[in-house]
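Here's the structure we're looking at; comments come further down.
The values are calculated or read from the model by the stated rules, or taken from the named source; none is laboratory data. Note that this is a predicted model, so its numbers are computed, not measured. Here Cβ is always computed from backbone atoms with ideal geometry, including for glycine, and neighbour counts include all displayed protein chains. These area figures cover heavy atoms from the full protein model, side chains too; ligands, DNA and RNA do not enter into them. Shrake-Rupley method; radii C 1.70, N 1.55, O 1.52, S 1.80 Å.
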Amino acid sequence: MAWFRAGSSVAKLAVRRTISQSCSYLMQTRISPARNQYFHTTVFRSKAQSAPVPRPVPLSRLTDSFLDGTSSVYLEELQRAWEQDPNSVDESWDNFFRNFVGQATTSPGISGQTIQESMRLMLLVRAYQVYGHMKAKLDPLDLEERPIPDDLDPALYGFTEADLDREFFIGVWRISGFLSENRPVQTLRAILKRLEQAYCGNIGYEYMHIADREKCNWLRDKIETPTPTQYSRQRREVILDRLIWSSQFENFLAAKWTAAKRFGLEGCETLIPGMKEMFDRSADLGVESIVIGMSHRGRLNVLGNVVRKPLRQIFSEFSGGTSYDRPTRGGKRIHLSLVANPSHLEAVDPVVVGKTRAKQYYSNDVDRTKNMGVLIHGDGSFAGQGVVYETLHLSALPNYTTGGTIHIVVNNQVAFTTDPRSGRSSQYCTDVAKALSAPIFHVNGDDVEAVVHVCELAAEWRQTFHTDVVVDIVCYRRFGHNEIDEPSFTQPKMYKVIRNHPSALQIYQNKLLESGQVTKEDIDQINSKVLSILNEEFLPANYVPQRRDWLSAYWSGFKSPEQLSRIRNTGVKPEILKNVGKAITTLPENFKPHRAVKRIFEDRAKMIETGEGIDWAVGEALAFATLLVEGNHVRLSGQDVERGTFSHRHSVIHDQETGEKYCPLDHVMMNQKRRNVYCEQQIMLIFVDHIFCIWISLSLSEFGVLGFELGYSMENPNSLVLWEAQFGDFANGAQVIFDQFLSSGEAKWLRQTGLVVLLPHGYDGQGPEHSSARLERFLQMSDDNPYVIPEMDPTLRKQIQECNWQVVNVTTPANYFHVLRRQIHREFRKPLIVMSPKNLLRHKDCKSNLSEFDDVQGHQGFDKQGTRFKRLIKDQNDHSDLEEGIRRLILCSGKVYYELDEERKKANGKDIAICRVEQLCPFPYDLIQRELKRYPNAEVVWCQEEPMNMGAYNYITPRLGTAMKALGRGTVEDIKYVGRAPSAATATGFYQVHVKEQTELVHKAMQPDPIN
């Protein structure tokens, strides 16, 4: 009998347990009458004191819970107590005894059933729910050798073959499925057969780790159906058609590009019909838009057969990502977008989730049921890449949740060339998802109907419970990592089996032919149709991608690098500045902030009232507030952004008595009349019920969160999305996002983004881990040519448009205000990397006047073109256009300026000019040349705090040399360097050494003799 294994193994198990266990434990539920709560206590009893073994249960000497003699006594005591007074036991036991006695009376077939047998049968059912997946037939190659848990052996629960045709009543346990009260009395044989079908077939379910009765019951209702799922002939024809498309597409590519690395889907062709059925079901349940992220494996197939990208474009491009609308089987339309991604596995995961969240925000999808993310993973990367967990970890955070992501694992069982036992420590590659209580559906990739079933089930789960769910398609890779690889080098046994293994299409065709539902002529007709269409689309494959192909509805009117975008001013009307300034510095009357925070807001109110002494935090808040009232969305996230890492921002204040939160930026548009005043800037305001500005402090994650914010920023250009590192030093935890997306995304995929990254940077003596944001790395990735001066005429300049990103090191609150507003007030989008300050946040000289923020001609911030971001701040000593008496021109960037200026004042160095390069990339050639002309006799010095091999020195030198050479002022050799010597570490760990180094470099910059 298949269900019963050799009795000797059970005997050995019994002996082993007898020897290894000298005592048994009994879990008893006791009722506390005072609080009506349940207390679980463990009662110790030695085996010598155990109750006699009940006759109906010969294997009860085994010491498992509810199998030993002790528990039988406990059950008998409960039954006697219930017979005397049903209210003396818990309601669940009352239901059990009531139904058990009732069934025993009316069903003669179970008259010999004991309560212990009912309990053991319940435990057997539960064992299948917990361990059934370990007996499931998941490996299509049948190479995996997995021990079947003893818990699935009926003999372990005291049953024999003689019991197979006995009828049993399991009981009522407030549980759906086999343990529900609606199930009829069944024979043990029927129960075991259905359990095997449900849990040990081609699908393995893992869900008992979910600590939620409602969710588990929902799944049990779906899994433990009275009969297995059967598809109609019409559905099977649709599934067959989709599987033929998937298979023929790969065959077609293989024939046309025989030597190309196309990373085909052979071995997991069932992914395509599974995804299409998943999307159809999702559309039926209300989903209107799906954002997809996946690696290279099967990407072309998904683009053509799921996303419905025109085949002629695929054949021309052979790469890329895109978005299209497609009809569903149910007659609806759904928008699908496949996010462009690098070969860095799983790096796209948080980008997809962020883009999905943005879609939900802009479509007012409050319930998160209309927009959904789907991620397709590899087995090795899902288990091995840390960003997978970082992305999963965001799934339930209030400001990051998307209402559940569907994860599909294309599990070819070999990752790149590594066997699972060498590639992960867990049993399944999907075990990481258990940390988030996500259900996991393992499925044999050769069974297309099983794949379709779990894909539909995943869609239903997501739309019902709005949490993540995982589909693990266990398949194989018919060829190597790519089509020209030789996989037998590392997996000879596996690929010997694969060479003779039929495809999923062959298996399904044979199944349908045997059932008589489809004829060979039907199959040939579908194959001919598909092949004909593929050939027709291949012939005119002369599509050429255009720069503007990436534009979606929100991006209408934005310009590509080939189109000139005019430079806009960023100043704001004085009355608006005063009004929003008052709003962001006023707290409710009954609100009780921390006394230190109260003083800060009182000081801020004075800044706005007097128009003087605006500090960094107020300048930033004014930038956010003015963008908000113009109708733009502002989103700032990071690890400490509410208060700021350095307790400077205080964007969200906490009542010290009630704990209530108050965000002043949520209240800049309280008055409708005031909104009308703001509309003078001719910008349409967006009115929504919730806040305009979201401030998020979250867990310690760089890679996942920065990727999320990148995805968020890509959806709509009319939003200022910022991510702030706790310290700039920690940003390298997200280096993949910087390297593969931010710095190169537009060049690779024609995708623009205006994401702002704030990286606290500066040498304050805090050691090598809290001093440097690695400015040199961002400058090194900049793509501007250091030996060619671009067109710098303000009316023709496209320098920033043609550069890959902007890197700034700003030194005044007003300039920070303008560089943030510039991100929105332009007709294109570029990433902005800000070396944000630390000690300048409260520096006595790092202040601005409110007149530097407005657009009034003649005010301090207004220049020839208007009020805007200053790429270079000239010397502040009122020098004329020609100063022949200046002997030294010091160019610097960041906070070192204030130390140089202070030392200059001490040394009375009136013959020294100091200019601040606020925008490092792209390099401000025109302004640098203006200063070189102003000081024709000055030696040119670059001064920085960072070591010579770090900071901006190696970026600045060739570009400054090019500017000098064009004016006849010398070459690179004439540039003098002042700064720290080359170093492996970014900074010293000793404060005294830091002070000595800082003093020396400042003194050297001011020395009377020429600098060597």
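What number of residues within the stretch 988-1012 are β-branched (V, I, T), in contact with a helix residue (DSSP H, G or I) (Cβ under 6 Å, 6 or more places away or on another chain) and outside any loop (DSSP other than H, G, I, E, B)?
1
Of all the numbered requirements in (1) over 19 Å from H209 (Cα atoms); (2) touching an Asp or Glu at 6+ places or on another chain (Cβ under 6 Å); (3) modelled with pLDDT under 95; (4) buried (at least 24 other Cβ atoms within 10 Å of the Cβ), V410 misses one, and that requirement is (2). Only one of the listed residues (E460, E449) is open to solvent by 20 Å² or more (accessible area, probe 1.4 Å), among the charged types (D, E, K, R) and either free of Cβ contacts under 8 Å to residues at least 12 places away in the same chain or touching a helix residue (DSSP H, G or I) at 6+ places or on another chain (Cβ under 8 Å) (or both). That residue is E460. How many residues are touching a Ser or Thr at 6+ places or on another chain (Cβ under 8 Å) and either closer than 25 Å to S743 by Cα or surrounded by 23 or more Cβ atoms within 10 Å (Cβ to Cβ) (or both) when one looks only at the stretch 907-947? Within the stretch 907-947, residues that are touching a Ser or Thr at 6+ places or on another chain (Cβ under 8 Å) and either closer than 25 Å to S743 by Cα or surrounded by 23 or more Cβ atoms within 10 Å (Cβ to Cβ) (or both) number 10.
Identify, please: which residue in the stretch 422-438 is polar (S, T, N, Q) and more than 23 Å from A504 (Cβ to Cβ) and is, among those, farthest from the chain's Cα centre (by Cα)? Per the criteria, the residue is S422.
For beta carbons closer than 8 Å, sequence separation of 6+ or different chains, a first residue in the stretch 85-103 that is closer than 13 Å to S118 by Cα and a second that is assigned to a helix (DSSP H, G or I) and at pLDDT below 70, the qualifying pairs are Q103/I110. Pick from the stretch 352-390 the residues that are within 30 Å of E269 (Cβ to Cβ) and small (G, A, S): which of them is surrounded by the most Cβ atoms within 10 Å (Cβ to Cβ)? Out of the qualifying residues, it is G373.
Quick one: which of I526, I507 is within 30 Å of P310 (Cβ to Cβ), surrounded by 16 or more Cβ atoms within 10 Å (Cβ to Cβ) and at pLDDT 90 or above? Going through I526, I507 in turn, just one is within 30 Å of P310 (Cβ to Cβ), surrounded by 16 or more Cβ atoms within 10 Å (Cβ to Cβ) and at pLDDT 90 or above: I526.
Residues checked against (1) polar (S, T, N, Q); (2) more than 17 Å from the chain's Cα centre (by Cα):
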| site | (1), (2) |
| --- | --- |
| Y362 | no, yes |
| L375 | no, no |
| H393 | no, no |
| A396 | no, no |
| N399 | yes, no |
| P420 | no, yes |
| I440 | no, yes |
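Residues checked against (1) farther than 26 Å from N500 by Cα; (2) charged (D, E, K, R):
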{"site": "I408", "(1), (2)": "yes, no"}
{"site": "D419", "(1), (2)": "no, yes"}
{"site": "S426", "(1), (2)": "yes, no"}
{"site": "T430", "(1), (2)": "yes, no"}
{"site": "V448", "(1), (2)": "no, no"}
{"site": "A458", "(1), (2)": "yes, no"}
{"site": "R462", "(1), (2)": "yes, yes"}
{"site": "Y476", "(1), (2)": "no, no"}
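Filtered by the rule that a residue be in contact with a Phe, Trp or Tyr (Cβ under 7 Å, 6 or more places away or on another chain) and either assigned to a loop (DSSP other than H, G, I, E, B) or charged (D, E, K, R) (or both), the stretch 610-629 gives a lone residue, E620.
Identify all residues within the stretch 770-810 that are charged (D, E, K, R), in a loop (DSSP other than H, G, I, E, B) and without any contact (Cβ under 8 Å) to a residue 60 or more places away in the chain; write none if there are none.
Keep residues of the stretch 770-810 that are charged (D, E, K, R), which gives 774, 776-777, 783-784, 791, 793, 797-798, 802.
Subset that is in a loop (DSSP other than H, G, I, E, B): 774, 783-784, 791, 793, 797-798.
D783, E791, D793, listed by residue number.
Scan the stretch 580-599 for residues that are surrounded by fewer than 20 Cβ atoms within 10 Å (Cβ to Cβ), under 38 Å from the mean Cα position of the chain (by Cα) and either touching a residue at least 40 places away in the same chain (Cβ under 8 Å) or in a loop (DSSP other than H, G, I, E, B) (or both) and report the count. Qualifying residue count, the stretch 580-599: 8.
Count of the stretch 262-298 residues, restricted to those that are closer than 22 Å to I244 by Cβ, part of a helix (DSSP H, G or I) and within 25 Å of the chain's Cα centre (by Cα), is 10. When the test is whether a residue is in a helix (DSSP H, G or I), under 30 Å from S880 (Cβ atoms) and either of a type in the set (K, R) or without any contact (Cβ under 8 Å) to a residue 24 or more places away in the chain (or both), R969 does not pass it.
Look at I244 and say whether it is in a helix (DSSP H, G or I), touching a Gly at 6+ places or on another chain (Cβ under 9 Å) and either β-branched (V, I, T) or modelled with pLDDT of 95 or more (or both). In short, no.
No other residue among V432, V471 is assigned to a helix (DSSP H, G or I) and touching a Phe, Trp or Tyr at 6+ places or on another chain (Cβ under 7 Å) apart from V432. In the stretch 725-750, of all residues being under 20 Å from E946 (Cα atoms) and out of contact with any helix residue (DSSP H, G or I) (no Cβ under 9 Å at 6 or more places or on another chain), the one that is surrounded by the most Cβ atoms within 10 Å (Cβ to Cβ) corresponds to D729. When the residues of the stretch 393-403 are narrowed to those that are surrounded by fewer than 24 Cβ atoms within 10 Å (Cβ to Cβ) and of a type outside the set (S, T, Y), which ends up nearest to V451 (Cα to Cα)? Per the criteria, the residue is G403.
Candidates are the residues of the stretch 397-429 that are in a helix (DSSP H, G or I) and not charged (D, E, K, R); the one that is farthest from T467 (Cα to Cα) is S422.
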